[in-house]
Amino acid sequence: MNRIELIRELIRKGKLTSYLEIGSQSGKSFLPVRCKIKIAVDPKFIIPFKNKIKWLIRNPYNLFSKYFEETSDDFFEKRKALLAEIPKLDIALIDGLHTFEASLKDTLNTLNYVNNSGIIILHDCFPQNKAVATPAASMDAAQAMDVEGWTGQWCGDVWKTIVYLRKSHPDELEAYVINTDFGLGIVRRKQDLPKKFDIDETLFNSIDNIDYDDMIDDVDMIGLKEPTYVHKLIESFKGNNQTNT
């Protein structure tokens, strides 16, 4: 099951009504989602007009979608009033810049607005090989490194965000990776969290020094689960109308 299928099933099972997507450039994962409130964030949207029309016909929810062409950092800084006006977010997909720092910041910022019983999904948390997991500042930078085994696919080191969350907030957060669709990171609250998240620089630097081979040798650091675990996750949302805030 890929991220789009999982998101649609969680929304359907849990009767979720609000969805945020960070990293929506082509609209591939955003447009098929059927949800009352939909927010897309990307510094450069490239969504063909014919695709917008096609998905507007297939999915009328897209008529009311909000698009913010800006970085995620700018979005969380400039759109606080918007986020305060809507109900707490039920579900979010983080698929923006594939770096440890960016994905961690996006996750911590999103946690400020997610419903207590909501969920954050991070794409690209279990790269298929070391080349795909190349740490770099961008896709272009990773490609320019000309690493052995490069295929044009890039997950970066997003997986380190899951390691960080498992170490920094083990009592407050449930964080793990399901081995499907390049690794789907799952983040959910166990209990109330701090109102403000400051990155622990010492812990960040320690995790940043871990490489892909270290993670593969000890997949427990990301809490890796079998692909079939998606069904257990979906069932946990059955009948959940997300009334908690």
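None of the figures in this text is laboratory data; all of them are computed from the coordinates on show. Quick caveat: nothing in here was measured; it's all calculated off a predicted structure. Cβ sites come from the backbone with ideal geometry, for glycine too, and all protein chains shown count toward neighbours.
A few remarks follow.
- Residue check, THR71 over 24 Å from THR228 (Cα atoms), among the polar types (S, T, N, Q) and in contact (Cβ under 8 Å) with a residue 60 or more places away in the chain: no
- Condition check for GLN153: over 20 Å from the mean Cα position of the chain (by Cα) and either of a type in the set (S, T, N, Q) or within 22 Å of ARG8 (Cβ to Cβ) (or both): no
- Meeting the requirement of 1 or more residues that are crowded, with 22+ Cβ neighbours inside 10 Å and touching a Pro at 6+ places or on another chain (Cβ under 9 Å), the helices (runs of 4 or more DSSP H) wholly within the range 62-123 are 72-78.
- Residue match in the range 132-143 (condition: hydroxyl-bearing (Ser, Thr, Tyr), within 24 Å of LEU173 (Cβ to Cβ) and surrounded by 17 or more Cβ atoms within 10 Å (Cβ to Cβ)): no
- Of all residues in the range 174-191, those satisfying the criterion of being within 20 Å of LYS88 (Cβ to Cβ) and in contact (Cβ under 8 Å) with a residue 24 or more places away in the chain are ALA175, ILE186, VAL187, ARG188, ARG189.
- Residue within the range 48-61 that is aliphatic (A, V, I, L, M), more than 13 Å from the chain's Cα centre (by Cα), part of a loop (DSSP other than H, G, I, E, B) and on the phi < 0 side of the Ramachandran plot present: no
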